[in-house]
1. Considering only residues that are more than 23 Å from PRO62 (Cβ to Cβ) and in a loop (DSSP other than H, G, I, E, B), which ones fall in region 1-39?
2. For region 166-175, indicate whether the set of residues that are farther than 15 Å from LEU213 by Cα, of a type outside the set (Ser, Thr, Tyr), in contact with a strand residue (DSSP E or B) (Cβ under 8 Å, 6 or more places away or on another chain) and in a strand (DSSP E or B) is non-empty.
3. Restricted to region 41-78, and to residues that are surrounded by fewer than 13 Cβ atoms within 10 Å (Cβ to Cβ) and at pLDDT 95 or above, which residue is farthest from HIS149 (Cα to Cα)?
4. Which residue out of GLY109, GLY76, GLY105 is in contact with a Phe, Trp or Tyr (Cβ under 6 Å, 6 or more places away or on another chain) and farther than 18 Å from ILE28 by Cα?
5. Which condition number does ALA14 fail, the rest of (1) crowded, with 17+ Cβ neighbours inside 10 Å; (2) out of contact with any helix residue (DSSP H, G or I) (no Cβ under 8 Å at 6 or more places or on another chain); (3) more than 19 Å from THR158 (Cα to Cα); (4) touching a residue at least 60 places away in the same chain (Cβ under 8 Å) being met?
6. In region 19-27, is there at least one residue being at pLDDT 95 or above, closer than 27 Å to GLY199 by Cα and within 20 Å of the chain's Cα centre (by Cα)?
7. Restricting attention to region 158-169, which residues are without any contact (Cβ under 8 Å) to a residue 12 or more places away in the chain and small (Gly, Ala, Ser)?
8. Can you spot a residue in region 47-58 that is more than 19 Å from the chain's Cα centre (by Cα), outside any helix (DSSP H, G or I), under 26 Å from ASN94 (Cα atoms) and of a type outside the set (D, E, K, R)?
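The values are calculated or read from the model by the stated rules, or taken from the named source; none is laboratory data. Values in this document were obtained by computation on a predicted structure and should not be read as measured data. Ideal geometry is used to build each Cβ from the backbone, glycine not excepted, and the neighbour counts take in all protein chains shown.
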Amino acid sequence: MKKLLTREMIEEGAIGAIVARDAPTVRILTDEERAMSLRNTLTVKPRDDVWLFGYGSLIWNPTIDFIERRVAKVVGWHRSFCLATPAGRGSIDNPGLVLGLEAGGDCTGVAFRIAGDVAESELATIWKREMVAASYIPRWLDLLDEQSHRFGCGLAFTIDPAGENYAGELTRDQIVARLATARGALGSSADYLFETCKGLREHAIDDIELNKLEAEVSAHFGPAR
């Protein structure tokens, strides 16, 4: 069954509670570590308003207040199913996969502009969502429009290849198998993939690699899906 992650769940610390319960060996960042990470990131904030770059679930479930949304591309990073999820969308016995930004290539996603006067509080919510464990490295990346003109600098969560749940070395067959079979308290990895593909299409973004994965994972379920 699909379970949409809500802002209320995030603010109540539900993600961390799920990880602590279902994957107790995963080290969860303390509130102090998370707050320090946010403070360090904001010390180099480029302007009053903040752009947040979404490349996965943020596209179809942003859970933040924003004043503008537009298609954007980042260069030097590509979307990849490289983060294992032993809780949430997988289990200890069958870890799922979610997306991260890995070095190399480029990625087209959706950028959300957050008003400067609420930027810190909105990002604190995002930190509770994305920085539960030390899986991502927040970075400020140049955002390009559809004509490849820079329109801003956006915050993006890039994968930490030294993180304990980094899964960038999986084979194609392993990726498809995990996406097709893994399930946890927040739903399945397959639904994460399908919703991301749907969100990309709604913004007229064509990701050939994700489209292929969608077809391969869909084939696992047959025509009844």
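1. ALA23, PRO24, THR25, VAL26, ARG27, THR30, listed by residue number.
2. no
3. Here the residue is ILE67.
4. Matching residue, one of GLY109, GLY76, GLY105: GLY109.
5. Checking ALA14 against (1) crowded, with 17+ Cβ neighbours inside 10 Å; (2) out of contact with any helix residue (DSSP H, G or I) (no Cβ under 8 Å at 6 or more places or on another chain); (3) more than 19 Å from THR158 (Cα to Cα); (4) touching a residue at least 60 places away in the same chain (Cβ under 8 Å), the one that fails is (4).
6. So far as region 19-27 goes, yes, one or more of its residues are at pLDDT 95 or above, closer than 27 Å to GLY199 by Cα and within 20 Å of the chain's Cα centre (by Cα).
7. ALA162
8. no
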